[in-house]
Each structure stands twice: as C-alpha cells, then as structure tokens.
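The values are calculated or read from the model by the stated rules, or taken from the named source; none is laboratory data. Computed from a prediction, not measured in an experiment: that's the story for all the values here. Every residue, glycine as well, gets a Cβ built from its backbone with ideal geometry; the counts of neighbours run over all protein chains shown.
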Protein chains: 2
Amino acid sequence: MSADFQESMLRSFVPVEPESHFPLQNLPYGVFRRRSGGEARVGTAIGDYVLDLSVLEEQGLFQAAGLGQDGIFARPSLNRFMSMGRPVWQAVRATLQHLLREDVPTLRDNASLRRRALVPMSEVEMLLPVEIGDYTDFYSSREHATNVGTMFRGKDNALQPNWLWLPVGYHGRSSSIVVSGTPVRRPRGQLMPPGATQPVYGPSRLLDFELEMGFFVGTGNPLGEPIPVQEAPEHIFGFMLVNDWSARDIQKWEYVPLGPFLGKNFATSISPWVVTLEALEPFRVPGPEQDPEPLAYLRIENRWAFDIQLEVYLKTPRLEEPFRLCRTNFRYMYWNVCQQLAHHTVNGCNTRTGDLMASGTISGPTPDSYGSMLELAWRGEKPIQLPDGETRSFLQDGDSVIMTGYAQGEGYRIGFGEVEGTILPAGN
Amino acid sequence: MSADFQESMLRSFVPVEPESHFPLQNLPYGVFRRRSGGEARVGTAIGDYVLDLSVLEEQGLFQAAGLGQDGIFARPSLNRFMSMGRPVWQAVRATLQHLLREDVPTLRDNASLRRRALVPMSEVEMLLPVEIGDYTDFYSSREHATNVGTMFRGKDNALQPNWLWLPVGYHGRSSSIVVSGTPVRRPRGQLMPPGATQPVYGPSRLLDFELEMGFFVGTGNPLGEPIPVQEAPEHIFGFMLVNDWSARDIQKWEYVPLGPFLGKNFATSISPWVVTLEALEPFRVPGPEQDPEPLAYLRIENRWAFDIQLEVYLKTPRLEEPFRLCRTNFRYMYWNVCQQLAHHTVNGCNTRTGDLMASGTISGPTPDSYGSMLELAWRGEKPIQLPDGETRSFLQDGDSVIMTGYAQGEGYRIGFGEVEGTILPAGN
C-alpha cells in the first residue's frame, strides 16, 4: 500500500477544500447517472465533482493499469471491477491519483476531455453501487450488545455466553438494500402490545435506525475453502455507511428463536460511495483488547480497527437544522473485519463479489455515542430532547436520519459522504 | 388452470412409464448441459428425456405462446422466463403439452428436430436452475417445531408464543445453495462440548439433513408494496425438494440471539427440476386447521396444502441399497405458501424473480414421518438401526442422503426426481 506521508502531500488540480470528504487521497467508487440523462456509469469522487471512469477508459487511459477498453466502467455496478482483484484495484487507484494530480497535464489541460469526464456532483444522481449477492449483518460492538442485553435481560446476563468467543452474525435481506436518499416506508406487521393476550396488525410504533458500517467482498472464496484470517484483507474491497432500519416492536414479537426477519428487512440504506481499503490504510488502528483470547482461527495482529468518526443527525419537519443525535467511532468495534470474514467462512461457506457484510450497530462507551434510538432514549425511558422542544424516543413520520463519517488525516479527510433516509407514513 | 380430468388423459409420443416422475402432465423446468459439451440450456423433462427448449425456440415453435426467437431458453438460468409472468408460463406449458402429444406430428415425425431437441437424461448434467437472489427458510411444520421445542425446552413450552400466529422464518444464505449431486463437505466451526467451559474448534459431530420443499418466486413485488395473501399464487413459479443441511452442534452454540448462521450456511441442496404450480394444481388440498384463526392479512381459503409424498433414504458405504429413513407428506405443513409470501412482504419487503422460499423441515405426526435425524433418532437417544447392523444418530463421512417425492395422480405421477448429497470428510 502507498506510504501515508507521500499521499498526504498530494494535491489535485480539481479544487478540494480541507473539510471535503473527497480529496485525492480518497477516490471512492460509485455508480451515477447524469440528471440530464444517459446510462449508469462508474465514477470516482474528487472535491465537488464526479469523474466518469468510463470516459477515461474509452480514451485508453487505464491501459497502464492493465485494463483494455471493454467497458469495465461503462456499467451500472462495480461488480466486474471488484471481481478483478487487488492488483487491478491498486493499479487503477494509482492511475487515478496520477491523472488528477495538479502537476499532470493529461486531464488538466485537455478541456474537451475534462468537460466530458468531470461532472459536478449537483448534476448527478447516485445509484446503488453494487449488485449485492448475500448480505450479512454482524453484531460486533460490545457496547451495543451489552446495552441491548441489559435492557432485555438485566446487567448480569447482558452478553450471551457465545458473544466474547465469536463474531455473532445473521443473514439479512439483499433485495431491500437501497441507496441513500431513498425514502423508507414505515412497515406494518404483527405486534404484541404490552399486556395484550394476542397480537395485532398495524404500523410499527417503535421505528429505529442503527448506525453501522459495512464492507463489500471484492473477490470471494470457493465453497468448502475457508478464508484464513490473515488473508481476509485481500478479499475486502471497500467500506460504506449503513443504516440498518429496525422496527423494534415487530422484531421483539418475531425474533425468538430464529432471529430478526420482518423487523429488519423492510429497508437497509447504504451510502453511495465505496471507500477503498487502500484509502483507509493510514487510519488502521488497534481495536479493543480481546479477552478471552480468540480461538486460533480468529487470531490476527490487533490493528484492524479503523479510526473513523461517525455521527448521526435527525431532521424533523419542524427542526430548522439537523440535530446531532450521537457521535461515535468505528474503532470501538470489538470484532474486526478480518475476524468477521474468517468466521463467516470457517465452515466452508463461500462468499462472492458484491457480498455485503455490515458491522452491527456501532455504540461507544458513553451515552452520547450510542448508535440507535433504542439505546439513546434507553427504550423510551429517557426521551431525546430536541432544540425546538420536541422529544423523540423513536422515529416519527417525516423524520430524516442522516449518518456521516470520515477519517481525519493531516490536512485532508477520507470521507464517506452520507446516508440519508426519510420516513414515509405506513401504506394502506 | 387446466382441468384435471382432461390433463390426466394426455399421452406423449415419448415413452413414459406409470411410475415415471416426468409424464406429459408434469413438464418441470431445469437447466442442463450435454455431457458431450456445449452451453447450458433450459429444458423440460419427459420420461427419460430432456427436451431442449432452446432448440424449439430457435425453430419459432413458441411464437404461438408469444415468445420471439431471442433466446429465452438459450441461457444458464430460468430467471428471464420466470420474470415473464403466469400468462407466458401457461402459454409455454400449453405449447409443450401440445408438441409432445402422441397425436401431434410436429416434433414426433421430424427425426432431425427430435434428434437435436430430445436428449437422453443419461447424457446430460443438471445444473442449478435459477440464479437465486434471496433465500428465506420458514419453520412451518408444527410437528417439527414441537419436536425440536420439546427436546430443548420440554413438552409444555415446546412452541414459542408467536408460532401459531405467524409463519416464523429467517434469512438463509444464497451463495451456498447447490444442485443435487454436489458433495457436501463436513463443516468445521466452534462447538461447546457438553460440560466444557470454553468452546473448541473442530469438525461438526452432529451433522444432519432437513427434508424441506421450496418454491421460487416468479414475479416479485416492489419495495413498500406487500403481496396480499389472495394474490400470492400469481407470484409462485414452481417447487423443488430442499435439503437444508444442518450442523446441530455449531447451530446450538451460535444461534442465540440472532438465529442460525454457520450451522446452516455451509450448504443447501436443491433438486434440479422445478415443478410448476400448474402441474401441482390437481394436488392442492386442505391443510391442517388453523386455530387460533390467523390475523386478516393471513386469511385464505384452506386449500393451499399439496398432497406430495416425500421420502428420505440413507446410503452408507456399507449398505447394499439405500435405506428409507422416513416417509412424510408436504400436506402436513401448518402454514401454507400463500401465507408465507403474504407474511414475508406485509412489512413492504420486496421479492424478486429467483428468490427461494423453503418450507422448513417437514415432519408428520408419527415417528417414522420426521424430517430430520435429530428427530428420527431423538437427539441421539434412539439411534436408527440400519439393516446391516450399523446405527446412526447423525451423518457420517461417506453417507449419502437422497430425498424424493411425487404427487400421485390417476395413472401418472407428478414427480420431483431427487436431491442427493454425499458427506465428504472435513477439510484441513
């Protein structure tokens, strides 16, 4: 991977403010369509612009990176590119960092090419970047598992016996994963009201968000051949923000014994830009100490957490500006991504290009760092006070949840943009 | 749908024995490749032959069914065809029943076309028929849920409070769904041995099968728009046999609180032929009475069970012929397929062409009708006696499990062929 020092000096001829999420050091991948029309294409973000990679490819500018001109980027998903593996990802990243540098004239001084390839972000619509195969959601924040466990089983039985031994996870629903900006309809379903003797059908009353991060599998593993924990990084393409919307009342009634189902699968929102492992390399840090020591197949150098600051904002129809609900950090995760991937495949389970693995709710140690309404308002016991006098224990129709995050470098930020979703009233 | 009486009289010019699973009344869809080489194609089964639908399509023989010649069947999956909806499915079925009739000369008397289109089953390899999007596994047999609940929580608490109110289900793993004949490697994972104070890593010792049936979603529903229970049949393309392989020891240690994960996702086997709802129409029968009465969104005429006889056989390296482990019937399912689909989407969850929904283990009322080793050998307390003196409580390396099933008509059978899998020793 590239040296931090060298990268931090790089500047682009495209203007990039210091607080921008998209400097030359980031170069995340996404899929966009021009609002004026045309096909979906693969792009990267630089400052306030999207760089259309299909235009560069057409010009043969990725030949040095080993790509021909067969339209890897003239597609509505990243899957084909992701399937090509780390050497290609690195070569394309190096090419892009070169082409966008302030001292390289190829693109900078070619007005016609620039006009075709650089599109202002305001002129594009971002689409779901990946054709997602399987979606797995982990439960890897000790603080979150402890909070939820304390609420439902008391402090002494908060963590299940398996929790400290393995990264607990479950299969989620791929079909209902949507890109940031997609409205989310309040789900209906079966609820068992407190004190009732039989369930009722109706709109969820306890609608919540969950702040998570996720990663896409770039190259998978064949059925029957586990990914050793040391080799896990080779399979990880990049990261995004995830809002794992949750209907707590539906979930509570349905989830014993087979786990969450309709309480989760009505929608999961992700941010549109996929930030590569390469871009995050300078922000790889030690995670929490693991005690008991994990079994051998889960042992890896403790430097696979990421120092990524995360925030959640709430916008209500009445609030004048978004109100920050919490602030936390991805580095709090107890189980890291390498352990998640090694555990997921230890039984021979295969993964494929485009599989999504989410972290589970990211909660930190303090009450203002909890990653869900359930925890922030402590199951409704401590409603959140909003600046205009409103309160919230769960989400109301018309509320928008905005999650954002970035890693802070010296003079630059590796940002994730945001994932936003607004609650629509339940349907008929 | 076609009248039972009329269909039962139909005969093909292709010889079909009365016990054959594939008479003119069946016409299931599958994807095959000639062992001599060539591309994967969509076919139907008739007697001991596979009829290559891409050859018929090329000849324009589906024009009456509204299909052009753009290669709907010259593909390695049924997805495109499935996405076209019931009117097309019915028209293609009608065309096939016509072309294969003993009194229709088009195919019968065209030796060159017959040679190209009809391939002996022994000369083809069957492939996974569908590109599967999401895979959901239900838990809809009351007998199975009661048996498992009794073993783990005692007779009085066998069924969870939600079980009689909704079809409990969870998300499974799509990537590891394999077609019949694919060997299954014994999974490794974390186990908590009885009496131990910490888990160990090793091969599963309690490897099991689960006899299930599944259906493919033909046409899905948009996000946010539930499928009303009455409209569910329009979305169901066809059925297959499912072996939901289960590692009971891995499952037991991992599954609280988020449900089964590595105990299941190392492999799920399905039979290669998809039997259509049209073919099964004459075998649609009342299911078990439902008490309490389901909530309104789950109410439908009680005639959505299917009279399909199911059997599981065990072959061991020592046994001279496969031994029948159990015999049951799909009609025992408490929750029916329409209720499953309506429940799955009641919260707005979308489904897509190619989604697989499995029934959960199908157990009947008597001990010889249980659909898993766990139940048949009652958690190892009553090992199964095999004719050669061997016993089994769970599966051993080299064991093969064969599931088969059919609906018995007057003088014909609507069969599913079989789903077979052999256990390979755990890897390193």
Problem set entry | Conditions (1) in a loop (DSSP other than H, G, I, E, B); (2) among the polar types (S, T, N, Q); (3) out of contact with any helix residue (DSSP H, G or I) (no Cβ under 6 Å at 6 or more places or on another chain); (4) modelled with pLDDT of 95 or more: number failed by A:Ser54 | (1)
Seminar exercise, completed: Residues of region A:186-241 being among the acidic types (Asp, Glu) and in contact with a strand residue (DSSP E or B) (Cβ under 7 Å, 6 or more places away or on another chain), in sequence order, are A:Asp208, A:Glu210, A:Glu212
Exercise. Would a scan of region B:164-179 turn up a residue that is more than 8 Å from every other protein chain (Cβ to nearest Cβ) and either free of Cβ contacts under 8 Å to residues at least 60 places away in the same chain or hydroxyl-bearing (Ser, Thr, Tyr) (or both)?
Worked result: no
Exercise. In region A:205-227, what residues are more than 27 Å from A:Phe416 (Cβ to Cβ), facing chain B (nearest Cβ under 8 Å) and of a type outside the set (A, V, I, L, M, F, W, C)?
Worked result: A:Gly224, A:Glu225, A:Pro226
Problem set entry | Residue that is farthest from B:Phe261 (Cα to Cα) [pool: residues in region A:116-148 that are assigned to a loop (DSSP other than H, G, I, E, B) and touching a Lys or Arg at 6+ places or on another chain (Cβ under 9 Å)] | A:Gly133
For this session: Please find, among B:Val31, B:Val42, B:Val104, B:Val50, the residue that is β-branched (Val, Ile, Thr) and over 27 Å from B:Ser180 (Cα atoms).
Result: B:Val104
For this session: Restrict the check to region A:138-145 and report whether at least one residue is of a type outside the set (S, T, N, Q), touching a residue at least 40 places away in the same chain (Cβ under 8 Å) and either within 8 Å of chain B (Cβ to nearest Cβ) or surrounded by fewer than 19 Cβ atoms within 10 Å (Cβ to Cβ) (or both).
Result: yes
For this session: Determine whether B:Thr95 is crowded, with 18+ Cβ neighbours inside 10 Å, at pLDDT 95 or above and in a helix (DSSP H, G or I).
Result: yes
For this session: Please give the strands (runs of 3 or more DSSP E) falling wholly within region A:162-204 in which 2 or more residues are assigned by TED's automatic domain parsing to the domain that holds A:Asn265 and surrounded by fewer than 22 Cβ atoms within 10 Å (Cβ to Cβ).
Result: A:177-179, A:200-203
Problem set entry | Test: B:Pro294 is at pLDDT below 95, in a loop (DSSP other than H, G, I, E, B), under 26 Å from B:Arg153 (Cβ atoms) and within 14 Å of chain A (Cβ to nearest Cβ) | no
For this session: Quickly run through region B:279-291 and pick out the residues that are assigned to a loop (DSSP other than H, G, I, E, B), surrounded by fewer than 19 Cβ atoms within 10 Å (Cβ to Cβ) and under 26 Å from the mean Cα position of the chain (by Cα).
Result: B:Pro286, B:Pro288, B:Glu289, B:Gln290
For this session: Mind listing whichever residues of region B:64-87 are over 22 Å from B:Leu127 (Cβ atoms), modelled with pLDDT of 95 or more and crowded, with 17+ Cβ neighbours inside 10 Å?
Result: B:Arg86
Problem set entry | Residues of region A:88-115 that turn out to be touching an Asp or Glu at 6+ places or on another chain (Cβ under 7 Å) and closer than 18 Å to A:Val50 by Cβ, as a count | 1
Exercise. Taking interchain pairs and intrachain pairs at least six residues apart, which have beta carbon atoms under 7 angstrom, with the first residue in region B:250-269 and closer than 11 Å to B:Gly172 by Cβ and within 8 Å of another protein chain (Cβ to nearest Cβ) and the second crowded, with 24+ Cβ neighbours inside 10 Å and basic (Lys, Arg)?
Worked result: B:Asn265/B:Arg173
Exercise. Given the residues A:Leu113, A:Leu27, A:Leu61, which is the only one that is surrounded by 22 or more Cβ atoms within 10 Å (Cβ to Cβ) and not in a strand (DSSP E or B)?
Worked result: A:Leu27
Problem set entry | Hey, A:Pro367 modelled with pLDDT of 95 or more, within 24 Å of A:Ala267 (Cα to Cα) and away from chain B (no Cβ under 14 Å) or not | no
For this session: Can you tell me which residue among B:Ala358, B:Ala305 is within 14 Å of chain A (Cβ to nearest Cβ), under 24 Å from B:Asn147 (Cα atoms), in contact (Cβ under 8 Å) with a residue 24 or more places away in the chain and buried (at least 17 other Cβ atoms within 10 Å of the Cβ)?
Result: B:Ala358
For this session: Hey, could you check region B:180-197 for residues that are more than 7 Å from every other protein chain (Cβ to nearest Cβ) and over 27 Å from the mean Cα position of the chain (by Cα) and say which is nearest to B:Pro272 (Cα to Cα)?
Result: B:Leu191
Seminar exercise, completed: The residue from A:Glu278, A:Glu311, A:Glu320 that alone is farther than 19 Å from A:Phe416 by Cβ and away from every other protein chain (no Cβ under 14 Å) is A:Glu320
Problem set entry | Condition broken by A:Met151, with the remaining ones in (1) surrounded by 22 or more Cβ atoms within 10 Å (Cβ to Cβ); (2) touching a Lys or Arg at 6+ places or on another chain (Cβ under 8 Å) satisfied | (1)
